[in-house]
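The values are calculated or read from the model by the stated rules, or taken from the named source; none is laboratory data. Please read all numbers here as calculations on a predicted model, not as lab measurements. Neighbour counts are summed over all protein chains in view; Cβ atoms, including those assigned to glycine, are modelled from backbone coordinates with ideal geometry. Each accessible area value is taken on the protein alone, full model and side chains, heavy atoms only, with ligands, DNA and RNA left out. Shrake-Rupley method; radii C 1.70, N 1.55, O 1.52, S 1.80 Å.
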Amino acid sequence: MGRREARRQRMSGGHVRNTAAMVTSPRCGARTRDGTACRAPAMHGKRRCRMHGGARRSGAPKGNRNARRHGMFTRDSRAERHQVKALLEDAWGLLGELK
């Protein structure tokens, strides 16, 4: 059955079922366990279906700062990690020269 045929299906008694909105609605597209894209319709105003995070009150709150609470991604922490990495690279290089 093609898309055009799916939009107007014949029901018993000569009634026509209009499924145009259902056929043209955006799809979820999340990756399923078998690697294919989810074909369930996305929730209104969201990009995912109800099973993949489009349900009401799912996800982080607006303006969520919890991901940065521990300070691992602050500018100072990143600079400190960069300095430690450079120091370790110099130390390994020096050890390599001594061999």
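See the values below:
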item	result
Single residue of Arg65, Arg48, Arg75, Arg56 found to be open to solvent by 100 Å² or more (accessible area, probe 1.4 Å) and within 18 Å of the chain's Cα centre (by Cα)	Arg56
Residue list for the stretch 31-40, filter: open to solvent by 70 Å² or more (accessible area, probe 1.4 Å) and in contact (Cβ under 8 Å) with a residue 12 or more places away in the chain	Arg39
